[in-house]
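Colleague: Below you'll find the structure I mean.
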Amino acid sequence: MIIGLLGAPNKGKSTLFNALTGSSALIANYPFTTIDPNKAVAYVTSPCVDKELNVKCTPRNSKCEFGIRKIPVNIIDVAGLVEDASEGKGMGNEFLGDVSVADALIIVADASGKTNSDGNPADSDYDVCQDVLMVKSELTKWLKKSLIKNLKKNRGKPLSEFVLGLKSLGYSEKKIEEGISYCKLSNKTLEWTEDDLNKLGDWLSEFGKPIVIAANKMDLESSKTGYKILNEKFAGAVYPICADMQLAINKGIEKGFIKNTENGLQFETNNLNGPIKAALEKIETYLKEHKTTGVQEILNGIVFNSLRKIVVYPVEDETHFSDHFSHILPDAILLDENSTPLNLSGAIHTDLEKGFLYAIDAKTKKKLGKNEQLQTGSVIKIVSTR
Ligand SMILES: Nc1nc2c(ncn2[C@@H]2O[C@H](COP(=O)(O)OP(=O)(O)OP(=O)(O)O)[C@@H](O)[C@H]2O)c(=O)[nH]1
Ligand SMILES: [Mg+2]
């Protein structure tokens, strides 16, 4: 799974990228700091089932900290987009192409309203919604152009080939087919017009993949109003975050000034003074009011609420909840809501799927057929001829 970070320049995309992934992408207070895309792994979090099963897990594909399973997802951070990016301005075509592989997008906005759509200092009456609307509009225009290009390449070929060609744009086959049906396009791609593809582009932009908005820089005073305005405009899709502060917390933990404990963060400021003490106190004050920087929450939100993923633990030994190396609850896999044991076997290996016989729910020891519905936290053994 890939989550893409995009937005106008200088909004804090790379800061959020570093805060999520522990990377050190270049950050600077001017537009177009990022040119080449940054890619790294972040972790969504979900309560581990080891406590419930009274075992101690030994994860392999993920991590577990204080009973919280951390499951990897890929993050991509691209260059800032400006108006007419879809026409190639500021190499925008390329950047939109870089991020199009993502399954879901986070548009990073500067909630303080202190930077404009070009990433330069904004006038005092700058509307914080403006650059989010610009980015959405460029995405739609770019998508329509890509659809038309794809049709030119595949004109006259069967519909299935057109659909396959579009998968590289990060849309699932199911979504593309849903869009084609909603826009009432014929089964023959030869009959499609540019107008048809523009309709499909509008539909896919709106419903094809989730887009949420990070109202960043919440530590700045004017962000309170900016967040309110963003939330009114894009109701239900806005997460208040402070990427810079999460980055500082991560560094504080690395240096030993902050301890990450089962009961939350503990600040060790007694023997400190000067700017470090002041910075840590600023973080403490912020967390007292906001509880969190919102960085983990936006990632979990897009994966679990928008993409509607569930966490399933495949095992080979349903008695010990382990694999054949005795790793306990080794893997946590993100699957679509309503996934079945057959879907799980396909996510592990195509051979397992091809030879699928049945599954066992390791919690209840009940046998499951291939089409039964899995829940989040299910622990499943697949029995297969292969
Ligand atoms: N106050 C505050 N500043 C932030 C926050 N997040 C990022 N910044 C600052 O915003 C500026 C831009 O950050 P970047 O992460 O480089 O922004 P970007 O969107 O990747 O920029 P481009 O790559 O140029 O498009 C830097 O000066 C950051 O320190 C935040 O939460 N609060
Ligand atoms: Mg950047």
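Colleague: If you check Ser62, Ser86, Ser14, which single one turns out to be at pLDDT 95 or above and either of a type in the set (Asp, Glu) or more than 16 Å from ligand 2 (Cβ to nearest atom) (or both)? I'd like the intermediate steps shown before the answer.
Modeller: Values: Ser86 fails: at pLDDT 95 or above; Ser14 fails: either of a type in the set (Asp, Glu) or more than 16 Å from ligand 2 (Cβ to nearest atom) (or both).
The match here is Ser62.
Colleague: Among the residues of the stretch 1-26, what is the count of those that are surrounded by 21 or more Cβ atoms within 10 Å (Cβ to Cβ) and in a loop (DSSP other than H, G, I, E, B)?
Modeller: Total meeting the criteria: 6.
Colleague: Taking only pairs six or more apart or across chains, which ones have beta-carbon atoms under 6 Å, a first residue in the stretch 6-19 that is more than 17 Å from Leu133 (Cβ to Cβ) and touching a residue at least 12 places away in the same chain (Cβ under 8 Å), and a second residue that is within 7 Å of ligand 1 (Cβ to nearest atom) and part of a helix (DSSP H, G or I)?
Modeller: Cβ pairs passing all conditions: Gly12/Ala243; Thr15/Ala243; Thr15/Asp244; Leu16/Ala243; Ala19/Ala243.
Colleague: While we're here: If Leu247 meets every condition in (1) more than 16 Å from ligand 2 (Cβ to nearest atom); (2) in a helix (DSSP H, G or I); (3) not β-branched (Val, Ile, Thr) apart from one, which number is that one?
Modeller: Going through the list (1) more than 16 Å from ligand 2 (Cβ to nearest atom); (2) in a helix (DSSP H, G or I); (3) not β-branched (Val, Ile, Thr), Leu247 breaks only (1).
Colleague: Can I ask one more? I'd like to verify a number: residues in the stretch 168-209 that are closer than 16 Å to Ala102 by Cα and either outside the structural domain of Trp142 (by TED's automatic domain parsing) or of a type in the set (S, T, N, Q) (or both), how many?
Modeller: Residues meeting the conditions: 3.
Colleague: Give Ile283, Ile360 a once-over and let me know the one that is in contact (Cβ under 8 Å) with a residue 12 or more places away in the chain, crowded, with 17+ Cβ neighbours inside 10 Å, in a helix (DSSP H, G or I) and more than 19 Å from the chain's Cα centre (by Cα). Walk me through how you get there before you give the answer.
Modeller: Details: Ile360 fails: in a helix (DSSP H, G or I).
Exactly one residue qualifies, and that residue is Ile283.
Colleague: How many of the residues in the stretch 91-116 are modelled with pLDDT of 95 or more, under 24 Å from Glu206 (Cα atoms) and in contact with a helix residue (DSSP H, G or I) (Cβ under 6 Å, 6 or more places away or on another chain)?
Modeller: Number of matching residues: 5.
Colleague: With the structure loaded, tell me whether Asp50 is away from ligand 1 (no atom under 16 Å from the Cβ), among the charged types (D, E, K, R) and not assigned by TED's automatic domain parsing to the domain that holds Lys141 or whether it fails that test.
Modeller: On the way: away from ligand 1 (no atom under 16 Å from the Cβ): yes; among the charged types (D, E, K, R): yes; not assigned by TED's automatic domain parsing to the domain that holds Lys141: yes.
When the stated conditions are applied, Asp50 passes them.
Colleague: Any residue at all in the stretch 189-201 that's acidic (Asp, Glu) and either in contact with a Cys (Cβ under 6 Å, 6 or more places away or on another chain) or touching a residue at least 40 places away in the same chain (Cβ under 8 Å) (or both)? Before you say what the answer is, go through the steps one by one.
Modeller: Just the residues of the stretch 189-201 that are acidic (Asp, Glu), to begin with: 191, 194-196.
Right, trim to either in contact with a Cys (Cβ under 6 Å, 6 or more places away or on another chain) or touching a residue at least 40 places away in the same chain (Cβ under 8 Å) (or both) and you get 194.
Checked against the condition, which is being acidic (Asp, Glu) and either in contact with a Cys (Cβ under 6 Å, 6 or more places away or on another chain) or touching a residue at least 40 places away in the same chain (Cβ under 8 Å) (or both), the stretch 189-201 yields at least one hit.
Colleague: Let me ask you something else. Can you find even one residue in the stretch 151-161 that is within 16 Å of ligand 1 (Cβ to nearest atom) and over 26 Å from Leu307 (Cα atoms)? Reasoning before the result, please.
Modeller: Residues of the stretch 151-161 that are within 16 Å of ligand 1 (Cβ to nearest atom), as a first pass: none.
The answer is no, given that none of the residues of the stretch 151-161 is within 16 Å of ligand 1 (Cβ to nearest atom) and over 26 Å from Leu307 (Cα atoms).
Colleague: How many residues does the stretch 177-212 contain that are of a type in the set (A, V, I, L, M) and in a helix (DSSP H, G or I)?
Modeller: Kept after step one, since they are of a type in the set (A, V, I, L, M), are these residues of the stretch 177-212: 180, 185, 190, 197, 200, 204, 211-212.
Checking the rest, the ones that are also in a helix (DSSP H, G or I) come to 180, 190, 197, 200, 204.
Matching residues across the stretch 177-212 total 5.
Colleague: Out of (1) more than 20 Å from Phe66 (Cα to Cα); (2) in contact (Cβ under 8 Å) with a residue 24 or more places away in the chain, the odd one out for Gln246 is which?
Modeller: Among (1) more than 20 Å from Phe66 (Cα to Cα); (2) in contact (Cβ under 8 Å) with a residue 24 or more places away in the chain, the lone unmet condition for Gln246 is (1).
Colleague: If a residue must be near ligand 1 (Cβ under 8 Å from one of its atoms) and either touching a strand residue (DSSP E or B) at 6+ places or on another chain (Cβ under 8 Å) or touching a residue at least 12 places away in the same chain (Cβ under 8 Å) (or both), how many such residues does the stretch 20-32 contain? Break it down into steps so the answer makes sense when it comes.
Modeller: Taking the stretch 20-32 first, the residues near ligand 1 (Cβ under 8 Å from one of its atoms) are 25-32.
Okay, now just the ones that are also either touching a strand residue (DSSP E or B) at 6+ places or on another chain (Cβ under 8 Å) or touching a residue at least 12 places away in the same chain (Cβ under 8 Å) (or both), so 25-27, 29-32.
Here the count works out to 7.
Colleague: Next question. Given Glu221, Glu161, Glu191, which one is of a type in the set (Asp, Glu), exposed (fewer than 15 other Cβ atoms within 10 Å of the Cβ) and closer than 30 Å to Thr15 by Cβ? Write out each step before concluding.
Modeller: Working: Glu161 fails: closer than 30 Å to Thr15 by Cβ; Glu191 fails: closer than 30 Å to Thr15 by Cβ.
Going through Glu221, Glu161, Glu191 in turn, just one is of a type in the set (Asp, Glu), exposed (fewer than 15 other Cβ atoms within 10 Å of the Cβ) and closer than 30 Å to Thr15 by Cβ: Glu221.
The values are calculated or read from the model by the stated rules, or taken from the named source; none is laboratory data. Quantities reported herein were computed from a predicted structural model and do not represent experimental measurements. We place every Cβ from the backbone using ideal geometry, glycine too, and count neighbours over all the protein chains shown.
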